[in-house]
Structure formats: structure tokens, C-alpha cells
Amino acid sequence: MRIAIIGSGISGLTSAWLLNRNHDITVFESESWVGGHTHTVDVSVNGESHSIDTGFIVFNDWTYPNFIRLLEQLGVAFKPTEMSFSVNDPKTRTEYNGNNLNSLFAQRSNLLSPSFWGMLRDILRFNKEALSDLQNQRIAADTTLGAYLKAGGYGQRFTDHYIVPMGAAIWSMSLADMLSFPLQFFVRFFKNHGLLSVSDRPQWCVIEGGSSAYIAPLTASFKQKIRVDCPVHRVERDSDGVTVHSAAGSERFDKVVFACHSDQALSMLAAPSAAEQDILGALPYADNDVVLHTDTRLLPQRELAWASWNYRLGGAGDQPAAVTYDMNILQGITSDTTFCVSLNQTPSIDPAKILARYRYAHPQYSLEGVAAQARWQELSGAQHTYYCGAYWASGFHEDGVVSALRVASAFGESL
């Protein structure tokens, strides 16, 4: 069959890799690079060259089994990394890094702060109670994180300086939107990733040489079938197949796989069904301004508090997530220069220290979105159309691979 695959992120490339075995595929990519959020940038600073990830960075040995299998089949090497989280609140001049006891009290005055000790007690209580409530099915499907914290009498310090910024950092959502986050989804994710345990946690890893190192081996068998700088404008469907209108013209295909974001797919459909409008419409995306730079002022004031992920509070609760990744820690970069990737903090960065700037969109989750995810079968194969993307689950690389495997299985293909 002739199959059009729209999007070259992990979902599109995994679909293409599998479907290319027995079908005539064409991959459409609107950007000038292949890989979507897998985007490693080569930079030279002070005579040193480094390959630095700006989108997808880490994965772990607990919750990424299919992605790891894919890497192993491709012969792509990866190495362990440190995953730590810090919060910096310029307003109260509070900062900490939860990596170890020394970094937790990087700001020594926190040793004498009753509210800081109260936050630590709340962390332990939440880890225990939320896990128990999930396992004993005491969390109603319509419960939000904010409602649960309020009902449980959790302190403002725990809410403002720990659980909400951590969620905002993970899903690239605003602090206000995190309070409306579906609690079942939240606790299940935290449990699966070892975030409800102080000691029992997965090993986080990064790909040797940058995450884009898997792109070449993954695309080797169908490289000539990928069209970059080729946005799709419209997709029309009829009883016999699909017409794809793109920058390359109008072409006929037997099937189409939307491996782009849900909102992008909906906007391309010439005549979306009611189910497509309901389901895809309930899974929106939001843009994040992403900057690769060397301005360490966006990290905590004390170097001991520098973590892999650093959340900076301040500003309105509805503003986008303000996270800075310390890429030297995450990628194991040895350099006198500290390389940072910051989300949604561009005005605070010294323009002379900016190395690259991008916009990446991330799925935004709600109770309606979780209900829509469960309806994926209604869309699978209808009108010669299939959908894959990380938005069908938690929004991460493993979810993209799993969604691609689901599409490929409809054509009889598997890892």
C-alpha cells in the first residue's frame, strides 16, 4: 500500500521504520530537520565543540522498555545520567536541590526554617497517602491535583515550592494549569517514575553524543522517502483513499498516518468527523520558547543548588513553565562553560549568551483530555486514517513509540 506519514518525530519515524518493510511510504516533515523534539545542536564555544540536546533529553530503565528495545535493535549506545530537581523562588529568596542531603540544604538557613521542614514532612506524607489512595482506588476520576491538595490540608510551601513546580517542569504547563491536572494520571505517572519514593528510583539515561544520534540508524532504510521543508496543507479522504496536498503538490495514497500533534492533524483534515473533532480537540498543545544559552544567572544563586532540572518561580501563575536544564549535568559535558536550555524565560537571558532559539509544543492535559485518550479506537483506521503521537499517553518518547507500535500492528508489523 502507499502510506503517507505526516511528521518525523519519534512516532512518525518508528511508524515509518516498521511500515517501510512491506509498504511504499512517504514521510512529510514541515521543518528543515528530521526528528521533531529530538533536536541536538552542535555548538562551538571557546574553541570547544559540543553536541547539546534542546528537546528530548532523558529516558529511564523502568518506563521506556520499547524505546530501549528500539535503541538496542539499532545499536545506539546510551549512558547513565543524574536526574535532580531544584526550585528557586526569587521573591522569598528560597532555593534547594533535592539530589542529596547537602544540596537539599544548599541554603543553610533552611535548616532553621519551620516551613521548609513542613514541606519535607508534606513530601513524605504525599508520597505515602497519594500512593495508598491510588492503589485502594480512593481517587475519583474527576479529582484534580489542586482539589486533592486542598482537601488533604497540604501546606502552601509544599504546593508552591515542590509538587506544583515539579509537575509544571515535567509537562511544560503553567502552575495554574497544574492545579487542574487529573490526579489519577498525576499519581500514576509519579509512581511509575519512582517519584513517590526517596530511594527506589529508576536509572535515568542519555544517548551518547546527543539524542539525535538515533536518527541516522533509524532512518537508514527509508532516508530517501523523507521530505523535509514539506508542510502538509490539507488532507482529503474518500471511499478509495486519501489525497495529500503539500508543498510538493497533490498526491494519492491508500492510507495516511498523522504522526504530528493532535491540533495540527485536526487543522489539516478537510472534513474531520465529529469524533475527530471531539477527541483531537480535547488534546491541545501549547508552545514553549526554548533557548540554548550560557547565562548561569537562570540557575539557582548557590552552585550547590544547581540541578539537572531547575524551576524558577516568580510571575503570574498562568505564565508558561519556567525551567532551566543544566546540560553539563544531564549530558555529562566536561567544560568550564555551563550550557543551559531554558523554557519561557527569554527576556531574562543575556542576548550575548544565546546560542540557539526554538519553539517546541507540548500536550496540555485535563480531565477531558484523559477521557479523549481512552477513545483512540474510534479513530484508528476510520476513513483510511491512523493517529500516533505521545499525546495519546503521558507525552514522552516511550508514549510516541507505543502509539507508533499500535498503528504498525494494524498493518501486521511489530518490533
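The values are calculated or read from the model by the stated rules, or taken from the named source; none is laboratory data. This is a predicted model, so every value here is computed, not measured. Quick reminder, even Gly has a Cβ in these numbers, built from the backbone with ideal geometry, and neighbours come from all protein chains shown. These accessible areas exclude ligands, DNA and RNA; they are computed on the full protein's heavy atoms, side chains included. Shrake-Rupley method; radii C 1.70, N 1.55, O 1.52, S 1.80 Å.
The table that follows gives values for the structure above.
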quantity	calculated
Full-extension gain in nm, K91 to S49, via 0.36 nm per residue minus C-alpha separation	11.4 nm
DSSP beta bridge pairing in the chain, given as percent antiparallel to the nearest 5	70 percent
The chain: angle of helix 183-192 to the longest principal axis, Cα-based, in degrees nearest 10	80 degrees
Rounded tilt (10° steps) of 65-74 against the dominant C-alpha axis of the chain	60 degrees
With every protein chain in place, the chain: carbon and sulfur % of accessible area (1.4 Å)	49 percent
Prolate/oblate/rounded call for region 1-131, Cα gyration tensor, a/c under 1.5 rounded	prolate
Calculated [θ] (222 nm, deg cm²/dmol) that DSSP helices of n ≥ 4 give over the chain, each run adding -39,500 (n - 2.57)	-8500 deg cm²/dmol
Surface accessible to a 1.4 Å probe, Y386 within the full protein complex, Å²	20 Å²
Point-to-point label distance, A361-A247, nm (Cα→Cβ direction, 7 Å offset)	1.7 nm
Area of D240 that stays accessible when all protein chains are in place (1.4 Å probe, Å², to 10)	120 Å²
Accessible area (Å², 1.4 Å probe, nearest 10) - T92	80 Å²
Lysine pair count for the chain [Cα-Cα under 22 Å; pairs on different chains or 8 or more apart]	5
Accessible area expressed per residue, the chain, with surrounding protein chains retained (probe 1.4 Å, Å²)	42 Å²
Nearest 10 degrees, 0 to 90: helix 397-410 Cα axis against the chain principal axis	20 degrees
Charged-residue dipole, Cβ positions (Lys, Arg, Asp, Glu), the chain about Cα centre, Debye nearest 20	680 debye
Gain in span if fully extended, D200 to K225, counting 0.36 nm per residue against the direct Cα distance	4.6 nm
Listed residues G155, P217, P347: farthest to the positive end of the dipole of the chain (Cβ charges)	G155
Loop trypsin sites (Lys or Arg not before Pro), region 336-379, which have at most 16 other Cβ atoms in a 10 Å radius of their Cβ (DSSP)	R375
Cα-derived Rg over Rh, computed across the chain with Rh taken as Kirkwood radius	0.97
Contour minus Cα-Cα distance for D287 and N100 (0.36 nm per residue)	64.0 nm
Descending Cα extents along the principal axes, region 128-182, whole Å	29, 21, 16
Per-pair calculated FRET efficiency, R0 = 22 Å: L120 and A140 via Cβ, rounded to 0.05	0.20
Residue with peak Gaussian network fluctuation, the chain [Cα springs, cutoff 10 Å], from L298, L149, L124	L124
Hydrodynamic radius (Kirkwood) for region 288-415, which is based on Cα pairs only, to one decimal in Å	17.5 Å
